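To start, the structure under review is shown below, and the notes come after it.
The values are calculated or read from the model by the stated rules, or taken from the named source; none is laboratory data. Small disclaimer: the values here were computed from a predicted structure and weren't measured. Neighbour counts run over all protein chains shown; Cβ positions are idealised from the backbone, glycine included. Just so you know, the surface numbers come from the protein's heavy atoms only, side chains and all, with ligands and any DNA or RNA stripped out. Shrake-Rupley method; radii C 1.70, N 1.55, O 1.52, S 1.80 Å.
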Amino acid sequence: MPDFGTVLLGAPGSGKTTACNGLQQFFSLTKRDCAVINIDPANDILPYKCDVDIAELITLRDVIQEYGFGPNGGLIYCMEYLEKNMDWLLGRLEGLKGKYLIFDCPGQVELYTHNNAMRNILRILEKHDFRLCIVHMVDAHLCTDAPKYISSLLLSLKTMLHLSQPHINVLSKIDLIQTYGSLAFNLDFYTEVQDLSYLLESLNNSPDCTPRFAKLNAAVCELVEEFGIVGYTTLCVEDKRSVKGLIDQMDRANGYFGKDEEEGSMLWAVGSSNYLKYFDEIQDIQERYIGMDAEKY
């Protein structure tokens, strides 16, 4: 019988650990047995109950002291060390059979865009019948700044292509988005990654934008649109409806609802649909957290 789970990753401060804590609390309320696995060797303050901690194997602090690496090099070393010692992780996961797994990952984006250690770890887990989906957290405030939003699109696209796993991109902390500035367009423009040519004017109006940079901006937007695979859902971890909406997408991505062999799986599927509303519409999120006129764009 396969094991199911979610791998939360993203840049530092994007809300991964907070989301892990929120998911654990939500699953506790809905009686889904879960376990949280911390594979971030730099994360030594955990707000959730941790069932497996990479600190038992290796920590960033020890690597820096032993080899003199900086934080980035140390994290890469730690993840490559974990890749070489997957027997340790698989052995610890053996004791969590039947539980829904939540992986809390490091915040160094190079691990998901260039280095192969994380990709190889996921492939090893896949070969051992773990059915996982990626939840890539992106801070929602990046939508208030056109260059940062385009950068987040490139990061999401590269992560999707590099890891090659069922994937959900999430605009986290959506309830705080207005504290960083107003959106130029309605929220669905950013979640659905609509016509990016509308952002080019903002990008090219920068005083530092030369004609060569303008061409680069256009090429980057065209690249993202040609792939056509990047989109975002939203998350406010304090909002049960928002968390429930993300979990519904996670379950479809990794096939959790399809595991009829496990007793009670269909009860969860039916019961959870009545526990809260099924999906938060982007329009509803817009009205609750942003309050922008729907006709602006």
> Under a point spin-label approximation (7 Å from Cα along Cα-to-Cβ), what is the residue 195-residue 213 distance to one decimal in nm?
Replying inline: 2.6 nm
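Over the chain, what relative contact order in percent results from Cα pairs under 8 Å that are six or more residues apart? Provide the component values of the computation, followed by the final result.
Values: 430 pairs, mean separation 63.5, N = 297.
Taking the mean separation of contacting Cα pairs over the length of the chain, I get 21 percent.
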> How much accessible area does residue 81 have with a 1.4 Å probe, in Å² rounded to the nearest 10?
Replying inline: 80 Å²
>> Once neighbouring chains are kept in place and the probe is 1.4 Å, which whole percent of the accessible area of the chain is contributed by carbon and sulfur?
In response: 51 percent
>> If each DSSP helix of 4+ residues adds -39,500 (n - 2.57) and the sum is divided by the residues in the chain, what number results at 222 nm, nearest 500 deg cm²/dmol?
In response: -14000 deg cm²/dmol
> Hey, if you put +1 on the Cβ of every Lys and Arg and -1 on every Asp and Glu Cβ in the chain, which of 137, 103, 162 ends up farthest toward the positive end of that dipole?
Replying inline: 103
> Label-point separation (nm) for residue 28 and residue 238, each offset 7 Å from Cα along Cα-to-Cβ?
Replying inline: 1.9 nm
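With a ≥ b ≥ c taken as the square roots of the eigenvalues of the C-alpha gyration tensor of region 1-115, please select rounded if a/c is under 1.5 and otherwise prolate if a/b is larger than b/c or oblate if it is not? Walk me through the intermediate numbers first.
Values: a/c = 2.03, a/b = 1.55, b/c = 1.31.
Because a/c hits 1.5 or more and a/b exceeds b/c, region 1-115 counts as prolate.
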> Comparing 15, 68, 255, which has the greatest mean-square fluctuation in the GNM of the chain with Cα pairs linked when under 10 Å apart?
Replying inline: 68
> Most fluctuating residue of 143, 50, 34 in a GNM of the chain with Cα springs under 10 Å: which is it?
Replying inline: 50
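Please get the size of the charge dipole for the chain, origin at its Cα centre, with Cβ charges of +1 on Lys and Arg and -1 on Asp and Glu, quoted in debye to the nearest 20. Walk me through the numbers before you get to the answer.
On the way: 26 positive and 42 negative charges, 46 e Å.
Taking the Cα centre of the chain as origin, the dipole is about 220 debye.
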>> Restricted to Cα positions, what overall size does region 63-125 have along the principal axes? Three whole-Å values, descending.
In response: 40, 25, 17
> Taking a probe of 1.4 Å, how large is the accessible area per residue of region 122-202, in Å²?
Replying inline: 41 Å²
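Taking every DSSP beta bridge that has both residues in region 1-158, what percent is antiparallel when rounded to the nearest 5?
0 percent
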>> Using protein chains only and a probe of 1.4 angstrom, how many square angstrom of residue 160 are accessible, to the nearest 10?
In response: 30 Å²
>> Taking the Cα centre as origin and putting +1 on Lys and Arg beta-carbons and -1 on Asp and Glu beta-carbons, what dipole magnitude results for region 8-121, to the nearest 20 debye?
In response: 500 debye
> Extent of the chain along each principal axis, from alpha carbon coordinates, in Å, largest to smallest?
Replying inline: 56, 53, 32
> Roughly how many nanometres apart are two label points built 7 Å out from the Cα toward the Cβ at residue 85 and residue 123?
Replying inline: 2.3 nm
> Can you give the extra length, in nm with one decimal, that the chain gains between residue 61 and residue 225 once fully stretched, where that is 0.36 nm per residue apart less the Cα-Cα distance?
Replying inline: 54.9 nm
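Ratio of region 103-193's C-alpha Rg to 2.2 N^0.38 Å, to two decimals?
Its radius of gyration relative to the 2.2 N^0.38 Å reference: 1.21.
Using only alpha carbons, build the gyration tensor for region 164-258 and give me the equivalent ellipsoid semi-axes, biggest first, whole Å.
31, 19, 9
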> Angle, helix 16-29 long axis vs. longest principal axis of the chain, Cα atoms, 0 to 90°, nearest 10?
Replying inline: 60 degrees
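State which stretch of the chain is the longest one without any exposed trypsin sites (Lys or Arg not before Pro), exposure meaning a DSSP loop state and at most 14 other Cβ atoms within 10 Å.
On the way: sites that count: 31, 49, 97, 277, 296.
Longest stretch, sites excluded: 98-276.
Using the C-alpha atoms of region 1-58, what convex hull volume per residue, in cubic angstrom, is computed? Working shown, then result.
Values: hull volume 5.7 nm³, N = 58.
Dividing the Cα hull volume of region 1-58 by its residue count gives 99 Å³.
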> Angle between the Cα long axis of helix 265-275 and the longest principal axis of the chain, 0 to 90 degrees, nearest 10?
Replying inline: 40 degrees
>> If I fit a long axis through the Cα atoms of helix 146-163 and take the longest principal axis of the Cα atoms of the chain, what angle between them do I get, 0 to 90°, rounded to 10?
In response: 40 degrees
>> Which entries of 158/215; 173/244; 49/148 have Cα-Cα distances beyond 24 Å here?
In response: 49/148
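Show 100, 289 ordered by accessible area, largest first, where the area counts protein heavy atoms only and the probe is 1.4 Å.
On the way: 100 5, 289 45 Å².
Greatest to least solvent exposure: 289, 100.
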> Mind checking which of 11, 214, 35 has the largest fluctuation in a GNM of the chain, springs on alpha carbons under 10 Å?
Replying inline: 214
